[in-house]
Protein chains: 2
Amino acid sequence: MADRKTPAQQQAEEMAASLRAAGVRVTRQRVVLLEVLAEADDHPDAIELHRRAKEVDDSVSLATVYRTLTVLEQQGVVQRHAFEGGGARFETAETAHHDHLIDLETGDVIEFSSEKIERLQAEICAELGYELIHHRLELYCRKRPKKS
Amino acid sequence: MADRKTPAQQQAEEMAASLRAAGVRVTRQRVVLLEVLAEADDHPDAIELHRRAKEVDDSVSLATVYRTLTVLEQQGVVQRHAFEGGGARFETAETAHHDHLIDLETGDVIEFSSEKIERLQAEICAELGYELIHHRLELYCRKRPKKS
DNA sequence: AATGCTTATGAGAATGAGTTGCAATAAAAG
DNA sequence: CTTTTATTGCAACTCATTCTCATAAGCATT
């Protein structure tokens, strides 16, 4: 009877621990949010997260979802993205850095990363006399028709 | 007495001609907006464009600025950008493709372009079975302290 | 330059994502 | 279990943007 917990539950607990370690209160609604976030393998927006959170605990308010997401972002536990059209979307920040490819037809998001591009970005900033703090790279694509 | 017109005026007229050619009505307020856009060398938002337009013709309404910007974007005459924090910002689309470096302290926008990065982006899409339609690359930077 | 068909405009109301003030509530520390 | 202090739910609010609708032009034609 090992691993009684799902990976998502474990991740949620890790995030909670990290918050406590930073002196942030871990409330009932924050735990719910962390669980929802840990289970999500897409990039939901605040309203979708609220919907999912309410399935666990109906009393969680949208305002708290927004406030909590802000806290989690500040703590580096989630990342906020602002893709074209529509509101902010979130994902847990545990995974390594990556950029996003957005399927224009379905809205699906695929993660990718390129060492070369990262390097080139830093070079460009340096040439212009700047230090790169963070960046945003989004590729808006259409699925390529299969060659039959 | 050659070139009585400034380059910005010429550009505004070209854009107007392009609109007329596409069967789009060129109204008094659209002309004003085109002039304002042609003169701008920054990346103003709708409210700033409205402010500048009102200096030329006080009757131009904000709603019309928004409506016109949408039309101009559809016609490929301006480009809309959504940088972090705050509303959409615009620039004329005549210039060649470029990406943006945003100074986090001042909000200044510097344009740059990199053949290598463009190529890498297309490669990444291709590998994932997609066709790149357009992309967004923004570098958020801080000015590097000069080595004295 | 007057006509008529159609689209654009101004003013303000409406929307939608996100935030905030406040009184009630619940973490965490003692 | 009490105190301290941060968090919550709710509703009111902000801010960028869009919409509604009656009026006012474009512009192709007479």
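For the stretch A:120-148, give me each residue that is assigned to a helix (DSSP H, G or I), more than 7 Å from every other protein chain (Cβ to nearest Cβ) and not acidic (Asp, Glu).
Narrowing the stretch A:120-148 to residues assigned to a helix (DSSP H, G or I): A:120-127.
Retained after the next criterion (residues that are more than 7 Å from every other protein chain (Cβ to nearest Cβ)): A:122-123, A:126-127.
Result: A:ALA122, A:ALA126.
Taken over the stretch A:97-112, residues that are within 15 Å of the chain's Cα centre (by Cα) and surrounded by 15 or more Cβ atoms within 10 Å (Cβ to Cβ) amount to 7. Do the conditions hold for B:LEU120, that is, is it over 30 Å from B:ARG20 (Cα atoms), aliphatic (A, V, I, L, M) and over 19 Å from the mean Cα position of the chain (by Cα)? Yes.
Can you confirm whether A:GLU91 is under 24 Å from B:LEU120 (Cβ atoms), buried (at least 16 other Cβ atoms within 10 Å of the Cβ) and more than 10 Å from every other protein chain (Cβ to nearest Cβ)? Considered against the rule, which asks whether it is under 24 Å from B:LEU120 (Cβ atoms), buried (at least 16 other Cβ atoms within 10 Å of the Cβ) and more than 10 Å from every other protein chain (Cβ to nearest Cβ), A:GLU91 comes out as yes.
Put simply, of A:GLN29, A:GLN10 the only residue that is surrounded by 11 or more Cβ atoms within 10 Å (Cβ to Cβ), at pLDDT below 95 and over 16 Å from the mean Cα position of the chain (by Cα) is A:GLN10.
The listed residues are A:VAL77, A:VAL60, and the only one of them that is more than 10 Å from DNA strand C (Cβ to nearest atom) and under 21 Å from B:GLY85 (Cα atoms) turns out to be A:VAL77.
On the given criteria, is B:THR92 among the hydroxyl-bearing types (Ser, Thr, Tyr) and within 14 Å of DNA strand C (Cβ to nearest atom)? Please lay out each step first, then the result.
Working: among the hydroxyl-bearing types (Ser, Thr, Tyr): yes; within 14 Å of DNA strand C (Cβ to nearest atom): no.
Answer is no for this residue.
Determine, yes or no, whether B:GLU94 is in contact (Cβ under 8 Å) with a residue 60 or more places away in the chain and under 30 Å from B:HIS50 (Cα atoms). Criteria met by B:GLU94.
Could you please let me know if B:GLY107 is within 16 Å of DNA strand C (Cβ to nearest atom), within 14 Å of another protein chain (Cβ to nearest Cβ) and farther than 24 Å from A:CYS141 by Cα?
On the way: within 16 Å of DNA strand C (Cβ to nearest atom): no; within 14 Å of another protein chain (Cβ to nearest Cβ): yes; farther than 24 Å from A:CYS141 by Cα: yes.
No; evaluated as a whole, the condition is false for this residue.
Pairs linking a residue in the stretch A:46-60 that is acidic (Asp, Glu) to a residue that is surrounded by 14 or more Cβ atoms within 10 Å (Cβ to Cβ) and modelled with pLDDT of 95 or more, with Cβ atoms under 6 Å and 6 or more positions apart or on different chains, are A:ASP57/A:VAL32.
Restricting to the stretch A:1-52, count the residues that are more than 14 Å from DNA strand C (Cβ to nearest atom) and either assigned to a helix (DSSP H, G or I) or β-branched (Val, Ile, Thr) (or both).
Residues of the stretch A:1-52 that are more than 14 Å from DNA strand C (Cβ to nearest atom), as a first pass: A:1-12, A:14, A:35-42, A:52.
Checking which are either assigned to a helix (DSSP H, G or I) or β-branched (Val, Ile, Thr) (or both) leaves us with A:6-12, A:14, A:35-39, A:52.
Residues that pass the stated criteria total 14.
Number of residues in the stretch A:80-112 that are under 22 Å from B:PHE83 (Cβ atoms) and in a loop (DSSP other than H, G, I, E, B): the value is 12. When the stretch B:52-74 is limited to residues that are away from DNA strand D (no atom under 12 Å from the Cβ) and among the basic types (Lys, Arg), the one that is farthest from the other protein chains (Cβ to nearest Cβ) turns out to be B:LYS54. In this structure, does A:ALA82 turn out to be surrounded by 13 or more Cβ atoms within 10 Å (Cβ to Cβ) and within 14 Å of DNA strand C (Cβ to nearest atom)? Against the criterion (surrounded by 13 or more Cβ atoms within 10 Å (Cβ to Cβ) and within 14 Å of DNA strand C (Cβ to nearest atom)), A:ALA82 qualifies.
For the stretch B:25-50, a tally of residues being closer than 23 Å to B:GLU111 by Cβ and out of contact with any helix residue (DSSP H, G or I) (no Cβ under 6 Å at 6 or more places or on another chain) returns 9.
The values are calculated or read from the model by the stated rules, or taken from the named source; none is laboratory data. All values reported here derive from a predicted model rather than from experimental measurement. All Cβ positions, glycine included, derive from the backbone under ideal geometry; neighbour counts span all protein chains shown.
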